[in-house]
């Protein structure tokens, strides 16, 4: 909404006061904490208490009067201060009762009066109170229109409020907000249901501004207009900077608000100011405002503060004492505990907008343009207006405020408690939990919070995190261990009456790798899937799909055939094994008798897994192998180490498998055989002659004859050391190659009472991308 011409053309500074009827120019004086002037007629006591030469001052500046700056009584200050000390051991109380305001007649030199007062021994600081400054928005008449509330979307575009709504409290349920600014339309169609009330001050003007702010945060989910980041707030209250009788203040309404707020409530300061020669900077540059904000945060109230639209590098700001109060690297830095917000572009990568203040003191940023939200009119009568052009640090601050309320709601729903202001600020400003700006070193506006990262990450860990183990010791983290030895896909020839008792937590079989049988042709077989949840909430409607493939060192999706799927109604937290019901593998769908590779994929709405199509892209395939714990491979076979009577060649156990190419194009990979067999064992690799030539290996003579039949492929044999890895040269595997191979193994008779293991794998760019493992056992065991 465009502002009117007279307001738009008024430069910031003293001239702005003229557009606010009843404004009185004042000098704010803060006496040293030990000064205890009475609140009633303090000027009269000035001389008698030895505070300063008040009479001489009034003679020089005729017509001045003295009154307390803040209306609260000393006993109220004491109660708040004592509570703050209890909650925040670092809080160092200042005497808020030592702040006074000197009112001047029109035309008097306020700067000269402030200078005279600052020279008194009893005075800590004296400054001219800034005049009313419009809320921190910019004229959006030339800005492009936004088509939707993109700030609700997933990162990097927005804060992913939509994801937070999937979790208890993520919609702000149970949380309380107070907004400080000039005006609002409380009965707007998208706000009326909240029953918003005014704590103090006046609902004065700029009604569209306050309505836009509240719309971003809490527009009701009512099928009309917009929806807020946290539409289910329990309480919304407001406090006005314009005071009854024509006064204007920022410190007083903050004090009025915190007097009725509780630990964990959120106070948004939609304001900016001009002081010490700086225009449109954060309001805490005013000493009195800083002190009440510091009291608020020590009381556990989360304060979100607009960074201001002056484009000022806050690291360069100095107060009259020459102190760099906003520069975190300076010894003079003063930390109020508030979260200060800058503004960036609405499109990613988000670049700082030129009007936004910036520097090390800015904690977070939000959209500073093109924000779709509520609006109103100058008469505060329209209740159904909207805008797509709200902007400035005014539009950025509500986005961060909504994030704070969502996080508080999530934490309270999960634990019954709320976070302290310093905890919230630490979480939201951490780059791990947010989206960086386009050029962080130049922009210096912090990060835009990402609710998905906060929810899923270690800070809150509220999302379910279901996983299948790649090997018995897998804890769900990315790893460099085996990727194809999952104990969590179990193939049985008969149904299991109580799968949870047989295979679940406390069964004694949690890490047993020998639970699966080889598929039995001519009858139905049954597959059970074991799932863990290491996340912070129950996973509901977990689907488990299982695919089978021929034994291969690289099980790419073009080898997969869907075996079947099942649903686990819920998988509880606690990282305990939960077992699915049996998936029937119908007899008609079972291939020839033998061993097979299995692929399992888990999916649940709040922890979605990939689909087979995702793996067709090679980069996705290699990423999912290592980093997606919703996917696992079981390329693990249990084999009798005694050769069958009709073994070919005689005396050897045959382990057939294939080496596969990538599904998209030829890629250079390396084949490795890693046996762990006893001394005296024999292991031979049987491979096509053409593949042997490409590997540049020379066939060896063997104690048995190769295939002699004319219809059999020409194969050659390579002898492999039984207890050490054999790595072949890296070669280009053709796309979708299917190279048939066999390992022929002979265990010495004297060692056949023991178990041994070997595996074959493919390596791409130094990382294993597929493996098949065999365990040779003394006699036929359940597999």
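The values are calculated or read from the model by the stated rules, or taken from the named source; none is laboratory data. Only a predicted model underlies this, so the values are computations on that prediction, with no experimental measurement involved. Cβ coordinates were reconstructed from backbone atoms using ideal geometry, including for glycine residues, and neighbour counts include every protein chain displayed.
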message: Conditions first: (1) crowded, with 21+ Cβ neighbours inside 10 Å; (2) more than 15 Å from residue 362 (Cβ to Cβ); (3) over 14 Å from the mean Cα position of the chain (by Cα). Residue 406 passes all but one, so which condition is the exception?
response: (3)
- prompt: From the list 581, 587, which residue is in the same structural domain as residue 534 (by TED's automatic domain parsing), surrounded by fewer than 18 Cβ atoms within 10 Å (Cβ to Cβ) and modelled with pLDDT of 95 or more?
  reply: 581
query: Taking region 265-291 only, how many residues are part of a loop (DSSP other than H, G, I, E, B) and touching a strand residue (DSSP E or B) at 6+ places or on another chain (Cβ under 7 Å)?
result: 6
- request: Could you check how many residues of region 324-346 are touching a strand residue (DSSP E or B) at 6+ places or on another chain (Cβ under 9 Å), over 14 Å from residue 310 (Cβ atoms) and not in a strand (DSSP E or B)?
  value: 5
field: Looking only at region 338-352, and only at residues there that are surrounded by 24 or more Cβ atoms within 10 Å (Cβ to Cβ) and either touching a residue at least 60 places away in the same chain (Cβ under 8 Å) or in contact with a helix residue (DSSP H, G or I) (Cβ under 6 Å, 6 or more places away or on another chain) (or both), the one that is farthest from residue 207 (Cα to Cα)
entry: 350
query: residue 532 is checked against (1) under 24 Å from the mean Cα position of the chain (by Cα); (2) at pLDDT below 95 and fails just one. What number does that condition carry?
result: (2)
query: Restricting region 155-170 to residues that are at pLDDT 95 or above and either surrounded by fewer than 22 Cβ atoms within 10 Å (Cβ to Cβ) or out of contact with any helix residue (DSSP H, G or I) (no Cβ under 7 Å at 6 or more places or on another chain) (or both), which is nearest to residue 383 (Cα to Cα)?
result: 157
Filtered residue count, region 467-515, keeping only those that are part of a loop (DSSP other than H, G, I, E, B) and closer than 25 Å to residue 608 by Cα: 23
- prompt: Yes or no: residue 56 assigned to a helix (DSSP H, G or I), modelled with pLDDT of 90 or more and either in the same structural domain as residue 253 (by TED's automatic domain parsing) or surrounded by fewer than 19 Cβ atoms within 10 Å (Cβ to Cβ) (or both)?
  reply: yes
- request: Return yes when residue 179 is within 28 Å of the chain's Cα centre (by Cα), surrounded by 24 or more Cβ atoms within 10 Å (Cβ to Cβ) and closer than 19 Å to residue 225 by Cα and no when it is not.
  value: no
- prompt: Which of the following residues is in the same structural domain as residue 366 (by TED's automatic domain parsing), surrounded by fewer than 22 Cβ atoms within 10 Å (Cβ to Cβ) and within 29 Å of the chain's Cα centre (by Cα): 232, 259, 271, 193?
  reply: 232
task: Could you please give the count of residues in region 425-448 that are in a helix (DSSP H, G or I) and in contact (Cβ under 8 Å) with a residue 40 or more places away in the chain?
output: 5
